[in-house]
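I have placed the structure first, in the form of structure tokens, so that the comments after it can refer back to it.
The values are calculated or read from the model by the stated rules, or taken from the named source; none is laboratory data. Because the structure is a prediction, the values reported are computed rather than measured. All Cβ positions, glycine included, derive from the backbone under ideal geometry; neighbour counts span all protein chains shown. Quick note on the areas: whole protein, heavy atoms, side chains included, nothing else; ligands and nucleic acids left out. Shrake-Rupley method; radii C 1.70, N 1.55, O 1.52, S 1.80 Å.
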Amino acid sequence: MKIYFAPLEGITNHIFRNTYNEIYGNIDKYFAPFISPSENCPLTPRERKDLVPENNIGINLVPQILCSRSDYFIESAKELQKMGYRELNLNLGCPSGTVCSKTKGAGFLKEPTLLQSFLDDIYSYSESENMKISLKTRLGFQDPEEFYNLLEIFNSFPVSELIVHPRIRTDYYKGEPRKEYFAYALEHSDNPLVYNGNICSVNDHKKLSDSFSVSLDPVMLGRGLITDPSLSGKLKGVTSETDFSKLKRLHDTLYHEYQKIMSPDINVLFKMRELWTYWRVLFEDKDRDIKRLLKAKKYAEYESIVYSVLLTDKS
Ligand SMILES: Cc1cc2nc3c(=O)[nH]c(=O)nc-3n(C[C@H](O)[C@H](O)[C@H](O)COP(=O)(O)O)c2cc1C
């Protein structure tokens, strides 16, 4: 079974990817959080640093582009091509207001004619350069029925993989995924499909697979994999338990790596807090400590909670 790590802006940067890959592995492809090219700036120095091969050794990485101008996309793609990338992903799912108002991300889905001509341009480029382009899409902008037309458009291009997050923009990341539309894609997509959305356990994968009468493979996992980093190993049958000693290693490595590049304390703690909002479900009986931890402003305070309460007895 193939498992793809979803792009999570602010979380799955190269530091996270390298750390996760070394400790857990079992990921077939990592998708980098989106880069957003603009005029004369195909890639910012920060985006470049995150994507350069030296910072992603041993990682099968697919850069993701968020954009609605094909000339910007192609300029960016050329830079990524120079770095050695042969596969890129287009973001057609980002629900943020500032992104959608610029006809990007999920906002691009409400302009199918523009989208079609954008895809015409970028697939002409990719075919001529022997590059692969995959798409990561929602069902539509405000109505899931938009998906029927969108799928027809996608079917007219050599999409290397169509990753479907079966929600519309206004769903953001909440509620039940609209599974029936993924079932429609399974029947009508001419391109290889990847399911993404709310797989947080082996049982979630099984229930979804049963409901589609296929074993979903590949799958893309995001929040479920942050919450339980052992999930990839569980889905691949390599392990059956959440490994708390590995979680401690993941925590410690990220905590120390972020300290090397960030200051003051509070900025590092913001980064760690975001992770703890996911990890807290693994420590249900310690919710009071987690609440204190989420408020910590200094390393000493944070560490005394993490190492005396949370990551000791379980690891
Ligand atoms: C904090 C956060 C950041 C995200 N950043 C990106 C991104 O950069 N590109 C993208 O395509 N999707 C992004 N997503 C969406 C995820 O990749 C994924 O599609 C979504 O979380 C649903 O999958 P899941 O239920 O497995 O988490 C983000 C989601 C979250 C919660």
Which of the numbered conditions does Met220 fail, given that it passes all the others? Conditions: (1) open to solvent by less than 10 Å² (accessible area, probe 1.4 Å); (2) touching an Asp or Glu at 6+ places or on another chain (Cβ under 9 Å). (2)
Mind listing just one residue for me: the one in region 1-29 that is more than 9 Å from the ligand (Cβ to nearest atom) and among the hydroxyl-bearing types (Ser, Thr, Tyr) and, of those, surrounded by the fewest Cβ atoms within 10 Å (Cβ to Cβ)? Thr19
Give me the pairs, please: first residue somewhere in region 88-100 and closer than 23 Å to Lys78 by Cβ, second residue anywhere and aromatic (Phe, Trp, Tyr) and open to solvent by less than 20 Å² (accessible area, probe 1.4 Å), beta-carbon distance under 9 Å, and either six or more positions apart or on two chains. Leu88/Phe73; Asn89/Phe31; Leu90/Phe73; Leu90/Phe108; Leu90/Phe118; Asn91/Phe108; Leu92/Phe108
Can you pull out the residues in region 62-109 that are assigned to a loop (DSSP other than H, G, I, E, B) and within 15 Å of the ligand (Cβ to nearest atom)? Pro63, Leu66, Cys67, Ser68, Gly93, Cys94, Pro95, Ser96, Lys104
Going by what's in this entry, would Thr113 be described as modelled with pLDDT of 95 or more, assigned to a helix (DSSP H, G or I) and away from the ligand (no atom under 11 Å from the Cβ)? yes
Look at Val268 and say whether it is aliphatic (A, V, I, L, M) and within 29 Å of Asp204 (Cβ to Cβ). no
Can you tell me which of (1) out of contact with any helix residue (DSSP H, G or I) (no Cβ under 7 Å at 6 or more places or on another chain); (2) hydrophobic (A, V, I, L, M, F, W, C); (3) within 15 Å of the ligand (Cβ to nearest atom) is the one Leu216 doesn't meet? (1)
For region 268-292, give me each residue that is under 26 Å from the mean Cα position of the chain (by Cα) and either over 19 Å from Leu225 (Cα atoms) or among the basic types (Lys, Arg) (or both). Val268, Leu269, Phe270, Lys271, Arg273, Arg280, Ile290
Show me the helices (runs of 4 or more DSSP H) found entirely inside region 212-315 where at least 2 residues are within 16 Å of Asn13 (Cα to Cα) and at pLDDT 95 or above. 223-227, 244-261, 265-279
Selection status of Lys136, surrounded by 13 or more Cβ atoms within 10 Å (Cβ to Cβ), in contact with a Gly (Cβ under 6 Å, 6 or more places away or on another chain), in the same structural domain as Phe16 (by TED's automatic domain parsing) and at pLDDT 95 or above: yes
Looking for something within 13 Å of the ligand (Cβ to nearest atom), buried (at least 19 other Cβ atoms within 10 Å of the Cβ), part of a strand (DSSP E or B) and hydroxyl-bearing (Ser, Thr, Tyr) - is there at least one such residue anywhere in region 30-39? yes
Looking at region 149-196, which of its residues are within 11 Å of the ligand (Cβ to nearest atom), closer than 27 Å to Thr113 by Cβ and either in a helix (DSSP H, G or I) or free of Cβ contacts under 8 Å to residues at least 60 places away in the same chain (or both)? Val164, Pro166, Arg167, Asp171
